[in-house]
1. Look at residue A:48 and say whether it is hydrophobic (A, V, I, L, M, F, W, C), free of Cβ contacts under 8 Å to residues at least 40 places away in the same chain and under 11 Å from residue A:86 (Cβ atoms).
2. Out of A:344, A:331, report the one residue that is β-branched (Val, Ile, Thr) and over 24 Å from the mean Cα position of the chain (by Cα).
3. Could you check how many residues of the stretch A:262-276 are closer than 19 Å to residue A:349 by Cβ, over 37 Å from the mean Cα position of the chain (by Cα) and at the interface with another protein chain (Cβ under 9 Å from one of its Cβ atoms)?
4. If I ask for residues that are under 19 Å from the mean Cα position of the chain (by Cα) and among the hydrophobic types (A, V, I, L, M, F, W, C), which ones from the stretch B:310-350 would you list?
5. For residue B:156, state whether it is within 16 Å of residue B:234 (Cβ to Cβ), in contact (Cβ under 8 Å) with a residue 60 or more places away in the chain, more than 9 Å from the ligand (Cβ to nearest atom) and more than 24 Å from the chain's Cα centre (by Cα).
6. Return the residues of the stretch B:1-54 that are more than 30 Å from residue B:170 (Cα to Cα), modelled with pLDDT under 95 and either open to solvent by less than 90 Å² (accessible area, probe 1.4 Å) or not hydrophobic (A, V, I, L, M, F, W, C) (or both); say none if nothing qualifies.
7. I need the helices (runs of 4 or more DSSP H) fully contained in the stretch B:271-373, keeping only those with at least 1 residues that are within 16 Å of the ligand (Cβ to nearest atom).
8. Name every residue in the stretch B:387-400 that is open to solvent by 30 Å² or more (accessible area, probe 1.4 Å), more than 10 Å from the ligand (Cβ to nearest atom) and either within 9 Å of chain A (Cβ to nearest Cβ) or of a type in the set (Phe, Trp, Tyr) (or both), in order of residue number.
Amino acid sequence: MALVLNEEQRLLKDTAKDFLSSTMPVSELRALRDSGDTHGYKPDHWQAMCELGWSGIVFPEEFGGLDFGYLGLGAIFEQTGRTLAASPLLSTVVLSASLIQLAASEQQKQELLPAIISGELTLALALEEGHHHAPTAIQTQAEKTADGYILNGRKSVVLDASSADKLVVIARTNKDSNGSEGLSAFLVNSQVKGITQHSKQWVDSRSASEIIFENVQLSDADLLGEADQIWPALNIALDRSRICLAAEMLGGALECFERTVAYLKERDQFGQKIGSFQALQHRAAILFTELELAKSVVLDALSAIDDKRPDLPQLASLAKARLNDVFEKVTSEAVQMHGGIGVTDELEIGFFLKRSRVATQLFGNSGFHRDRYATLCGY
Amino acid sequence: MNSADAFRQEVRTWLEENCPPSQRRPIVREEQVWAGRNKTFPNNDAKLWFERMRDRGWTVPDWPQALGGGGLDEQQTRILKEEMKALGCRTPLYDLGIWMLGPAVLEFGTEAQQHEHIPKIARGEIRWCQGYSEPGAGSDLASLQTRAEDCGDHFLVNGTKIWTTNADKADWIFCLVRTDPAAKKQEGISFLLIDMNDPGVTTTPIELISGESEFCQTFFDNVKVPKGNLIGELNKGWSVAKALLKHERKLMSEIGGDTPGPSFGPVQAALEYIGLGEDGKLKDLALRDQLVRHEMNFRAIGLTHFRSFEERMHGLADPNVPLIMKYVGTEETKNKDELLVALLGHQALGWGGAGFNDDEILTTRGWLFSKALSIAGGTSEVQLNIIAKRALELPEHNAQA
Ligand SMILES: Cc1cc2nc3c(=O)[nH]c(=O)nc-3n(C[C@H](O)[C@H](O)[C@H](O)COP(=O)(O)OP(=O)(O)OC[C@H]3O[C@@H](n4cnc5c(N)ncnc54)[C@H](O)[C@@H]3O)c2cc1C
């Protein structure tokens, strides 16, 4: 268990801060939105991030990675949250590549991981089918044929699908199974016949699509790892994603909070700074305590990934539920404490508010994670 | 094996050999060993355990050995606490001298004062109480009025203190008194030690909602106090008081400590008093949600304590983390006690007599007592004021504006 960053990790965090605040400030997300983009991020930005080594940070050196661990990657995610930097870091590197690393055959890993790390290959995980996160409620079917599978189904929200080179599709390969049993993962070229993609506009200006699969022909080689057995790896990949997203949310919440406290010291009403009003002081102080607890939770969860601790699922749920709640509260309070200007598009606070609500829905809202935590603890 | 591991091993072995089994059961109020001139022990095991710990200096493990302490560094102290917790060892000695006065005397006292008071605290020979609050001075402590008049070779003390916990049982009291009525409020205050046996000191108990009367009002009527009992400089008592409050708040922030309470925690209580349905979930889903919120919050607080410790160990201490812990810890404990009452239902609402077991009564009393936690040692509102000012550096309010 490590709840402080070591020197190398702190250095990495500083580098990330410098790069992101100069190259990818919030104004870049605004520009992306205003350009009517559907790609979800700027390819140049992603290339620069890969060149900094961020796409390979958590992978072993044999694949071209840096083997630097999730505490390091988490520090980067926190910084991306501060500037709302849009990239496929979560969808490709954490979500999809984790799954490949955990479940794919040696040959598949050799083919895919180096390409991901170099930035040549981006992936999107097609999992969700409903209005809320429900990773085992899968109706998409991949029916076995003589030389492969036929894929049918609908995925409701696929992060970064419009820009991804390939999709990783979760489907039920055992018709008689339900829940987490009988699920498999397939690597699918997003251009093949039978796939319809509707990329949608989201409040946070990031990208996610609805995808429909109609009699899509897959070969046996498209199966990642073994048939019917993807759940344990998927579960871990999701936990890693929840934790990294929580780190991003922490960065967003801290940034939004700091901007708000600065405003409390700047804005005058009734002949004094609004930050002198106790009604606002106490609310700000409470947010501060919440953020301090949130920092501890995120750090411990990141180190649980690195240390392969058995309580990873609890920590992931703890971190995600907490950051959902804290980010929501901080962004709502930030808007209120700014007064009229808080609800204008001109002020960047609104971007944090919008990102917070999207991030909350991804990989489980707080109710989902409290229920999961309670179940894991036996009650 | 590094030196920390070796120390841990040594501590574990020693505790296993020296802590009697009866002293490894959860503490109940009647069996706490409090310091005092006329110390009593509930039983021989408690006496033995106290004496063994005292002889190692482990009643106050991080104080200097020459003054009766254990001479341990911060990490070793933590290891000792962790090992005691792991074995369930009881705190061998209770006293405000250990928690509050001792650290202040070590920081501000003269060598003579340290040799006079510190060993007695370490050995549990004197029981201390705290005379800060007054009927007119609570949160606004610096407005206190108890007077100490300079009479050449002694001070003459007149006034009254209130909410003095255990004043009727204490041997000595550490007090904030006004020594310069003309100065600005914080600047005319001194820190004085007073023997409760001195003529003119009297106490009357105050009954609490939990049914106990831990509190007293303490009166000083022409009490003569030797000059040597002044800690720190004359009229500089406010700095001593503030340093001591920091220790008090740290103590109060250490949630789940060894204050007496029921033998079960919320999860166990939930399983026992509500039970699981066929789906493996607690039958009352609304309470299940409250329970899991509490458990998750509790874990986050524990992790924050640990983070703060690790940061100090790495020389990266964030001075703002300790600021929040009193507020967070006491609010959490209140929340836990409300939850326990809800989980036990009717069984947590008895006052005594047949029909309620000890744990149930302790739940009720503990819940009522927990209400004091966010008042004593600086109220939650006052803590939030401090966070706003120190951590967030928000401006003072100007009522005239
Ligand atoms: C269990 C317990 C043990 C104690 N033991 C001792 C002891 O041994 N020795 C001792 O000296 N004292 C002791 N105290 C006293 C304790 O320190 C005081 O009760 C505390 O400082 C609050 O003062 P008060 O009771 O006068 O409340 P008040 O200060 O009158 O507060 C009343 C309400 O007003 C609020 N308030 C006050 N000022 C502000 C402000 N500036 N901004 C916002 N809200 C404000 C408070 O938060 C509170 O809600 C003990 C108290 C308790 C409950």
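1. On the way: hydrophobic (A, V, I, L, M, F, W, C): yes; free of Cβ contacts under 8 Å to residues at least 40 places away in the same chain: yes; under 11 Å from residue A:86 (Cβ atoms): no.
So residue A:48 does not fit the description; no.
2. Numbers: A:331 fails: over 24 Å from the mean Cα position of the chain (by Cα).
Exactly one residue qualifies, and that residue is A:344.
3. Going through the stretch A:262-276 one residue at a time, the tally reaches 1.
4. Of everything in the stretch B:310-350, those that are under 19 Å from the mean Cα position of the chain (by Cα) and among the hydrophobic types (A, V, I, L, M, F, W, C) turn out to be B:321, B:323, B:324, B:325, B:328.
5. Values: within 16 Å of residue B:234 (Cβ to Cβ): yes; in contact (Cβ under 8 Å) with a residue 60 or more places away in the chain: yes; more than 9 Å from the ligand (Cβ to nearest atom): yes; more than 24 Å from the chain's Cα centre (by Cα): yes.
Yes, satisfied.
6. Within the stretch B:1-54, B:2, B:3, B:4, B:5 meet the criteria.
7. Values: elements: B:285-313, B:320-344, B:358-370.
Helices (runs of 4 or more DSSP H) meeting the threshold: B:320-344, B:358-370.
8. To start, the set of residues in the stretch B:387-400 that are open to solvent by 30 Å² or more (accessible area, probe 1.4 Å) comprises B:389-390, B:393, B:395-400.
Next, from what is left, pick out any that are more than 10 Å from the ligand (Cβ to nearest atom): B:389-390, B:393, B:395-396, B:398-400.
B:389, B:393, B:395, B:396, B:398, B:400, listed by residue number.
The values are calculated or read from the model by the stated rules, or taken from the named source; none is laboratory data. No experiment lies behind these values; they were computed from the predicted model shown. Quick reminder, even Gly has a Cβ in these numbers, built from the backbone with ideal geometry, and neighbours come from all protein chains shown. To get the accessible areas, we keep the full protein, side chains included, count just its heavy atoms, and leave off ligands, DNA and RNA. Shrake-Rupley method; radii C 1.70, N 1.55, O 1.52, S 1.80 Å.
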